[in-house]
Amino acid sequence: LDISSLNNEAACLSEDGYIDEAIKLLLSTLAAASKHPRQYNDLGILTGEIAYCMKVSEDFHLPEQTVKFAYNAYKAELPQSSTTLDLGNILATIYENTHRLEEALRLYRDIADVCLKYYPNTNSTATSLNNLANVCETLEMYSEAESLYLNSLTILHESDDKGIKTAEVLTNIGYLKKKLRDYSGAIKNYQEAFNLIGNSDNPSWRIKAIT
């Protein structure tokens with residue numbers, strides 16, 4: 001099973017606009033790899049492409065069965081591996097986007113707990129905390145959401161990240177503060193995010209910050 005070649009083929013399909021075909025190829029590759037978790041213990045490029053194609057297609061139903069099978073298979077044999085955590089985050093994203101917020105909350109929390117225990121100062125842990133905070137905010141658990149966002153931001157600052165990840169968390173904090181009518185605090189966070197992405201070719205964060 002040549003994960004790299006199959007992933008590259010799927011990436012070419014998605015770039016050419018054949019998203020459905022790309023997702024099917026990615027999921028069949030994931031299903032095959034999941035039968036041998038220890039042999040295929042690093043699926044970082046594959047999980048990244050699955051997450052990307054899933055968001056582009058906005059189809060969060062098709063991948064669920066395969067991703068859930070893969071997550072359980074990797075969790076059983078490699079519970080702390082980056083592949084297990086990546087698959088857990090994808091599955092939680094599926095739950096979140098299909099309006100099963102309590103399931104998403106539990107899984108995001110499980111993933112964040114593992115990340116904090118085994119990878120406390122990494123960008124992936126910051127991302128997991130940010131994901132958990134998003135669901136907490138949606139469920140109006142505002143105090144916990146703010147604490148998680150700030151913990152995520154602290155990790156990113158300690159890793160000296162000055163890019164889109166930090167800008168995203170700052171924007172999320174700003175949005176939460178705007179929701180809580182802390183307008184001066186929101187403006188401050190938005191401005192910090194703008195300063196980080198002022199030279200970015202991608203305007204999406206600018207749009208998000210002012211809506």
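How big is the dipole moment of segment 11-119 about its Cα centre under a simple scheme where the beta carbon of each Lys and Arg is +1, that of each Asp and Glu is -1, and everything else is neutral? Debye, nearest 20, please. Please list the in-between numbers first.
Working: 10 positive and 16 negative charges, 102 e Å.
Approximately 500 debye in magnitude.
Under 5 Å between amide hydrogens, built in the peptide plane, is the criterion, and for Leu43 it picks out Thr83 among residues at least 5 positions away or on other chains. Charge tally for Leu156 (other residues, Cβ to Cβ under 14 Å; Lys, Arg +1; Asp, Glu -1): -3. All Cα-Cα separations within segment 1-123 were binned at 5 Å from zero, giving a P(r) of 2, 12, 22, 23, 20, 13, 6, 1, 0, each value a whole percent of the pairs.
Give me the dipole magnitude in Debye, nearest 20, for the chain about the Cα centre, with unit charges on the beta carbon: positive for Lys and Arg, negative for Asp and Glu.
Values: 19 positive and 29 negative charges, 112 e Å.
Magnitude of the dipole: close to 540 debye.
Each residue was assigned an accessible area with a 1.4 Å probe, and for Ile187 the value is about 110 Å². Normalised per residue, the accessible area of segment 38-133 is 48 Å², obtained with a 1.4 Å probe and no contribution from ligands, DNA or RNA.
Using equal-weight Cα scatterers in the Debye expression, the normalised intensity of the chain in log10 at q = 0.14, 0.18, 0.19 Å⁻¹ is -0.90, -1.33, -1.40.
Our estimate of slack between Glu77 and Leu180, defined as 0.36 nm per intervening residue step minus the Cα-Cα distance, is 32.8 nm. Spacing of the modelled spin labels on Glu192 and Asp20, each 7 Å from Cα toward Cβ, amounts to 4.5 nm.
May I ask you to give the percent of accessible area on the chain that is carbon plus sulfur, with a probe radius of 1.4 Å? It would help to have the intermediate numbers written out before the result.
On the way: 5580 of 10990 Å².
Of all accessible area on the chain, carbon and sulfur atoms account for 51 percent.
Pick from Thr125, Thr66, Thr171 the residue whose mean-square fluctuation is largest in a GNM of the chain, springs joining Cα atoms under 10 Å. Among Thr125, Thr66, Thr171, the largest mean-square fluctuation in the Gaussian network model of the chain belongs to Thr66.
Sorted by mean Cβ packing within 10 Å, highest first, what order do the peptides 50-57, 9-16 take? Don't jump to the answer; show the numbers that get you there.
Numbers: 50-57: 18.4, 9-16: 16.5.
Per-residue mean Cβ counts within 10 Å order the peptides as 50-57, 9-16.
Can you check what the net charge comes to around Leu196, using other residues whose Cβ is under 10 Å from the Cβ of Leu196 (Lys, Arg +1; Asp, Glu -1)?
Around Leu196, the charge tally is -1.
When the chain is treated as a GNM with alpha-carbon contacts under 10 Å, the residue of Ala145, Ala126, Ala76 showing the greatest mean-square fluctuation is Ala76. Between Tyr108, Tyr183, Tyr149, the residue with the greatest mean-square fluctuation in the GNM of the chain (Cα pairs under 10 Å linked by springs) is Tyr183. Rounded to the nearest 20 debye, the dipole size of segment 51-106 about its Cα centre is 100 debye, using +1 on the Cβ of Lys and Arg and -1 on the Cβ of Asp and Glu.
The residue list Ala133, Leu6, Tyr183 was ranked by how far each Cα lies along the charge dipole of the chain toward its positive end, using unit charges on Cβ atoms, and Tyr183 comes out on top.
The values are calculated or read from the model by the stated rules, or taken from the named source; none is laboratory data. None of these values were measured; they are calculated from a predicted model. Neighbour counts are summed over all protein chains in view; Cβ atoms, including those assigned to glycine, are modelled from backbone coordinates with ideal geometry. Heavy atoms of the whole protein, side chains included, go into the accessibility calculation; ligands, DNA and RNA do not. Shrake-Rupley method; radii C 1.70, N 1.55, O 1.52, S 1.80 Å.
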